[in-house]
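Only the coordinates and a few stated rules stand behind these numbers; no lab work does. All values reported here derive from a predicted model rather than from experimental measurement. Neighbour counts run over all protein chains shown; Cβ positions are idealised from the backbone, glycine included.
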Amino acid sequence: MSPSHPSTKQDALSPGNFKFKDEGNLIVKFLPVVVLASVCRGLSLFARYNYYHQWPAHSSSRRFNTWLHMGEIVLKVDMWAMAVSILVSFISVGCWSALGDRRGRKCVLLISILGALLRDLIYLAVAQTEFKEHGAVAATVIEGLLGGYATFAGVAHAYIWDVSTRRSIFCLLHAVTFFSFRFGVVVGYAVDHNPVPIKAAFGGSIFLACSNLLYVHMLFPESSVSSATLPKPEGITMVGAKSAFAHVTSPVAIFFRSSLRRSRWVCLALFAYSASSAYGVKLEALLASMNQSTTGFLSTIPSFLSTVTWVFIVPAAFSSFQSTEHKDATEFAGFLFAKTVALCSIALALLAIFLGEWAWYLLWVLFKLPYPLSFFLYPLSVAALPALYSVAASVTPLEHGGLFGSLSVWVWLGEFLSYYVAGDGSQSLDYWEWAMAVLMLSLISLAAQDPPVPV
């Protein structure tokens with residue numbers, strides 16, 4: 001291989017194809033897109049929860065599971081509508097992600113944001129009519145055909161991977177998404193006291209989506225040239241133009257196709273980890289049910305600890321790792337760092353659940369500790385998800401848009417299963433067993449993942 005090849009010249013601890021001299025500027029310009037999309041999603045979900053309350057009690061779409069619990073603010077999601085959205089997105093995400101690999105990320109961002117805009121426009125149009133149930137189905141399907149949130153999440157990771165030179169940058173993306181989504185829910189809760197809450201909430205979501213579309217179209221820079229013009233690593237068999245069927249089956253083919261199957265174990269690990277994501281919400285609901293005078297303050301602790309993990313702990317560990325352990329940047333070094341963070345985070349989540357479910361009573365008897373230790377330990381495990389994304393990309397040399405799109409829809413499906421099993425309310429005696437089982441599967445799958453193959 002020529003020494004000038006990017007796969008040998010780039011800093012392998014960095015995820016992108018190239019080092020961008022203006023990396024910081026590109027990331028700063030990209031974060032508003034993530035903020036607007038996440039706030040729009042939180043606001044829209046809260047508005048849709050109120051929207052579904054207008055339906056008759058006998059409606060087939062009446063299973064609402066708690067998706068977020070912050071003190072008095074409770075967001076519940078219609079699980080039937082969520083399942084339809086995931087199914088349609090599962091079919092479309094491969095096509096849009098492949099388009100991003102060929103033409104650049106900007107067009108896919110526009111398409112996914114347009115899907116969110118059309119969804120809320122339909123909800124707003126039919127909210128006070130006799131077609132509100134049919135409109136909800138149409139809105140869900142149209143959003144899914146345009147990629148849905150899974151496509152947006154996938155292209156967001158792909159864009160960051162294109163431009164960033166820091167392995168820990170996915171933590172920043174997840175932190176911004178986390179807080180922006182919650183802020184959107186808070187806004188939706190505030191709008192709920194408006195005389196016409198549904199119209200106001202959907203109107204606000206539509207305004208944010210339109211603003212995001214204009215920003216991306218007029219001011220947002222493309223991450224890189226299309227993949228067709230990039231040099232290809234030697235030893236990798238390139239695949240010609242794929243059929244529509246190949247794109248549709250991309251999320252499944254990720255476990256089998258030659259150019260992507262190197263990441264099959266970490267994909268399974270990521271899906272299994274996502275299937276435990278409702279545990280944090282169960283802890284928040286449990287705390288709220290205690291009705292303590294300090295509940296308001298304590299309810300902010302998980303968010304604070306998650307932020308510390310994403311923004312400070314992981315970047316500090318990356319800097320230490322890069323300066324002391326692997327001064328010579330190699331692809332294997334980047335893989336090793338991400339895999340180590342993921343393994344430690346998943347193990348910490350298992351420990352938190354064990355202490356929370358098995359040792360809490362003993363600690364209460366001995367030390368009168370009123371809250372489970374898992375309430376303080378589990379948020380420190382949130383680095384697992386961005387680390388798993390990074391591991392998957394480290395072992396997959398090509399088609400990062402398709403890879404991240406497939407990963408995102410599997411994450412979404414895992415979250416759906418997690419909240420479905422968790423049910424509603426704070427009491428679910430068997431959920432911790434489910435959470436520990438899927439976390440063990442995630443830990444074992446990740447441990448089986450091979451390092452990147454030298455090319």
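At 7 Å along the Cα-to-beta-carbon direction for both Phe131 and Ser323, put a label point, then send me their distance in nm to one decimal.
6.2 nm
So if we plug the beta-carbon distance of Leu214 and Phe312 into 1/(1 + (r/R0)^6) with R0 = 45 Å, what FRET efficiency do we get, rounded to 0.05? Display every interim value, and only then the final one.
Numbers: r = 34 Å, r/R0 = 0.75.
Taking R0 as 45 Å, the efficiency between Leu214 and Phe312 is 0.85.
Give me the one-decimal nm value for the distance between modelled label points at Phe304 and Asn25, 7 Å along each residue's Cα-to-Cβ direction.
My value for the distance between the label points is 3.8 nm.
As a footprinting exposure proxy, order Met218, Met436 by other Cβ within 10 Å, with the fewest listed first.
Met218, Met436
Sort Leu75, Leu348 by Cβ crowding within 10 Å, fewest neighbours at the top.
So the residues, fewest neighbours to most, are Leu348, Leu75.
Can you sort Val155, Val141, Val163 from fewest to most other Cβ atoms within 10 Å of each residue's own Cβ?
Starting with the residue having the fewest Cβ neighbours, the order is Val141, Val163, Val155.
Per 0.36 nm of contour for each residue apart, how much would the distance between Ile444 and Val252 grow if the chain were fully extended, relative to their Cα-Cα spacing? Could you put the intermediate results ahead of the total?
Working: separation 192, 0.36 × 192 = 69.12 nm, distance 2.05 nm.
Residue separation times 0.36 nm, minus the Cα-Cα distance, leaves 67.1 nm.
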